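Notes follow the structure.
The values are calculated or read from the model by the stated rules, or taken from the named source; none is laboratory data. This one's a predicted model, so the numbers in the text were calculated from it and none came from an experiment. For neighbour counting, all protein chains shown are included, and Cβ atoms are generated from backbone atoms with ideal geometry for every residue, glycine included. These area figures cover heavy atoms from the full protein model, side chains too; ligands, DNA and RNA do not enter into them. Shrake-Rupley method; radii C 1.70, N 1.55, O 1.52, S 1.80 Å.
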Amino acid sequence: MLLSSGLLTEVAVARQVDWKRDLEFLVAEIKQRHPDPFTVISESDFDANVARLLKRIESLDANDATFELMELVAQIGDGHTSVVPDFKSFRFFPINVKWFKDGVYVRAVDRSHKELIGAKLVAVGDHPIEKVIEQFSRFMPHDNIWAVRQRIDKQFQTVEFLDRAGALDDKDTATFHFEKGKIKLTAKMRAVAAHDAGRIRFINPYAAGMMEDSVFLKLLIKDERGLPFWNEWIPAEKTIYFKYNQCRDPAGFRELVEGTAAFISENKVDKFVLDLRDNSGGSSLVFEPLLKYLLNSDLNQKGKLFVIVGRGTFSSGVFAACEMRKTNAIFVGEPTSGKPNHFGEVKTFQLPSSGLKVQHSTKSFKLLDDDSNTFEPDLKIEYTAADTFAARDQALQAVFDYQAESK
């Protein structure tokens, strides 16, 4: 791949990329392969943008040309269709942020900047954070604003994205401005290559001792194991908490559902919580055993069955949420980053000269009569930094509170 902080790599020096050829190939393939690429942008407007880019793309370096192609495809407005940059060649700043109701906050950082944990990020260089995010959204394939909020934490770390937003001091460094209470903090950070990122010693709110020992913390720590799905019994609430993160491993998922059902049959269970907040997709068929069980369960009652959704719920994760509309579940959390009626079933192809990968939808799915650009929960939760850093899961707490009021 040919990305390296806006500079041509040794490969590119030896073999100049024919970006015009790549652009023409990209447009032809998208028009042929995508089921309907012009639901958000008209074909005439898209073609006009292509024509303008054709006139200048040969004068761009590898990094700029790649981002121009990313922006062009992002205009289609399909979260499953994008030009995929080579993140392995990107460089990263040792900071991780998250977008909350009350702003963008630091949730992990290199130990040399541990004072920034929990600080609010207000600007990069002389660019307010709102302007930086606005620039980022141009290159992100997204169905709605929640997709931008979901992806900002990863892409914000990269030199290449911040460079395109015009927020760097130079090709290696950026100056970040923060607020922590009434205190203003500034940190100048130097980027590291992707292969060196694993050597960074990150500190997070757990290590900083900022979180309480609670059932919420227990669930957060368990989820860090990266399992595709798991469950937990919360005895104080007589609640089964079922975390469904990835739509894969149907045999393993069926086994977990059967084990959960057996536990419920032998214990007094008042509540069942299905958490889809981090489910970004996979095979929709995996979910069938749990849906079938819940539809026929005594827990399929309002006030007993809950589904938590959020900005991380995408693709087949949204499919699972829509399927749960067949039950009496109450939906809690944020709107989803994926649309109920969306394009999907992704395939890929490569551009002939640069070798960049392009992923694209091949089918259209209609899951709900309402053609909203997101799946809206019944009880909307807007997460705050203070609650999150104190290990208070506002969505799960809302479930507990709702049921307490209904008794």
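Loop-located trypsin sites (Lys or Arg not before Pro) across segment 45-129 with a Cβ neighbour count of 11 or fewer within 10 Å are LYS55, with loop assigned by DSSP. Roll a 1.4 angstrom probe over the protein heavy atoms and tell me the percent of accessible area of the chain that is carbon or sulfur. C and S fraction of accessible area: 48 percent. What percent antiparallel are the DSSP beta bridges of the chain, to the nearest 5? Here the share of antiparallel DSSP bridges comes out near 75 percent. Ordered by 1.4 Å accessible area with all protein chains kept, ARG277, ARG138 run largest first as ARG138, ARG277. To the nearest ten degrees, helix 145-155 and the longest principal axis of the Cα atoms of the chain are 70 degrees apart.
From the Kirkwood radius over Cα pairs of segment 54-113, Stokes-Einstein at 25 °C and 0.890 mPa s returns a whole-number translational diffusion coefficient of 168 µm²/s.
Sorting 23-36, 155-168 by their mean Cβ neighbour count within 10 Å, with the most densely packed peptide first, gives 155-168, 23-36.
Solvent-accessible area of ASP370, all protein chains in place: 100 Å² (probe radius 1.4 Å, heavy atoms, ligands and nucleic acids excluded). Against the main long axis of the alpha-carbon atoms of the chain, helix 250-266 sits at an angle near 20°.
Evaluated on segment 103-150, the Kirkwood hydrodynamic radius is 12.2 Å, with distances taken between all distinct Cα atoms. Taking the Cα centre of the chain as reference, the dipole from Cβ charges on Lys and Arg (+1) and Asp and Glu (-1) amounts to some 640 debye. Probing with 1.4 Å while keeping every protein chain in the model, the per residue accessible area of the chain equals 46 Å².
Stokes-Einstein, applied to the Kirkwood radius of segment 224-315 over Cα pairs at a viscosity of 0.890 mPa s and 25 °C, places its translational diffusion at 182 µm² s⁻¹.
What value in Å³ per residue do you get for the convex hull of the alpha-carbon atoms in segment 126-187?
Per-residue hull volume (Cα only) is 93 Å³.
In the chain, the longest principal axis of the Cα atoms and the axis of helix 394-406 are about 30 degrees apart.
For the chain, take N as its residue count and report Rg(C-alpha) divided by 2.2 N^0.38 Å.
Relative to the rule-of-thumb radius for its length, the chain sits at 1.05.
Shown are ARG325, ARG311, ARG254, whose ranking by accessible area with a 1.4 Å probe and every protein chain present, most to least, is ARG254, ARG325, ARG311. Ranked from largest to smallest solvent-accessible area, with a 1.4 Å probe on the protein heavy atoms, SER42, SER265, SER315 come out as SER265, SER42, SER315. Each principal axis of segment 270-407 carries a Cα extent, and these read 64, 39, 25 Å when sorted largest first.
Rounded to the nearest 20, the Cβ-based charge dipole of segment 87-176 about its Cα centre (Lys and Arg +1, Asp and Glu -1) stands at 380 debye.
Give the shape of segment 25-84 as rounded, prolate or oblate, defined through the alpha-carbon gyration tensor: a ≥ b ≥ c are the square roots of its eigenvalues, a/c under 1.5 means rounded, and otherwise the shape is prolate if a/b is larger than b/c and oblate if not. Prolate.
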